[in-house]
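Notes to accompany the following structure.
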Amino acid sequence: MTNPLFFASLSIPLIAIPLLYWVYTYPKNKYKQTNLVLYVHDYLTGDDKSAMTVAGKEGPTTSIMHFGTLLAHDDPVTVGPDPKSEEVGRAQGMYINSQLDGKALFMIFSVMFTDGEYKGSTLEIQGADPFVLKEREFSVVSGTGYFRFVRGYGIMTTEFLDIQNLRAIIKLNITVRHF
Ligand SMILES: *[C@@H]1O[C@H](CO)[C@@H](O)[C@H](O)[C@H]1NC(C)=O
């Protein structure tokens, strides 16, 4: 008669190996996912002007609608579409018109949180903005503080546009994963 302990000893590695594998790999795959909806107020005119063109084919005053124009911005970031809603940060960086027909921008900016639960942290945003489209997807390449090691994407939509005065309110719907 075979000793039942023999079979029991055989089954230990069968259980232990998958268990160890799970223990070692599980925490690495764990991430948090955060969704943020923010509104950026990008105004090229008015008392609350927050953006300006700085270079272009006809000098600093070239329209942002022309290929090659560079724009610097320090736009308020609020929790709602209303400019009077709570300001939680600033969108600081630049846009460059980078499509020959003028219909798309390349953007690179930081969302610097100055208030709210992410105060002191930043999100780094980079991507194409073919602004003629209703929805534009961009990437979130990294972040600092609470957002260290983040990666993600966002959907950008124009909530309000006054083309004459070049004043726009842009909605950013951001989804990031981090540890
Ligand atoms: C934000 O985008 C996600 C998809 O990434 C969508 O499921 C969600 O409804 C959007 N939220 C808002 C408020 O637009």
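Points worth noting:
- Which numbered condition Asp101 fails, given (1) at pLDDT 95 or above; (2) closer than 18 Å to Arg167 by Cα; (3) away from the ligand (no atom under 16 Å from the Cβ): (2)
- Among the residues of segment 157-169, those identified as more than 16 Å from the ligand (Cβ to nearest atom) and touching a strand residue (DSSP E or B) at 6+ places or on another chain (Cβ under 9 Å) are Leu161, Asp162, Asn165, Leu166, Arg167, Ala168.
- Every residue from segment 123-151 that is within 19 Å of His73 (Cβ to Cβ), crowded, with 19+ Cβ neighbours inside 10 Å and either without any contact (Cβ under 8 Å) to a residue 12 or more places away in the chain or β-branched (Val, Ile, Thr) (or both): Ile125, Val140
Per-residue answers, yes or no, for (1) among the hydrophobic types (A, V, I, L, M, F, W, C); (2) more than 16 Å from the ligand (Cβ to nearest atom); (3) assigned to a strand (DSSP E or B):
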position: Met94; (1), (2), (3): yes, yes, yes
position: Phe109; (1), (2), (3): yes, yes, yes
position: Glu124; (1), (2), (3): no, yes, yes
position: Ser139; (1), (2), (3): no, no, yes
position: Tyr146; (1), (2), (3): no, yes, no
position: Gly152; (1), (2), (3): no, no, yes
position: Ile155; (1), (2), (3): yes, no, yes
position: Lys171; (1), (2), (3): no, no, yes
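- Segment 32-50, subset assigned to a strand (DSSP E or B) and under 10 Å from Leu166 (Cα atoms), residue farthest from the ligand (Cβ to nearest atom): Tyr43
- Qualifying residue in segment 85-95 (condition: of a type in the set (Phe, Trp, Tyr), crowded, with 16+ Cβ neighbours inside 10 Å, under 23 Å from Asp162 (Cβ atoms) and out of contact with any helix residue (DSSP H, G or I) (no Cβ under 6 Å at 6 or more places or on another chain)): yes
- Inclusion of Ser98 among residues that are surrounded by 15 or more Cβ atoms within 10 Å (Cβ to Cβ) and closer than 17 Å to Lys171 by Cα is not warranted.
The values are calculated or read from the model by the stated rules, or taken from the named source; none is laboratory data. Treat the numbers as computed from the prediction; the structure is a model and nothing was measured. Here the Cβ is made from the backbone with ideal geometry for all residues, glycine too, and neighbour counts use every protein chain on show.
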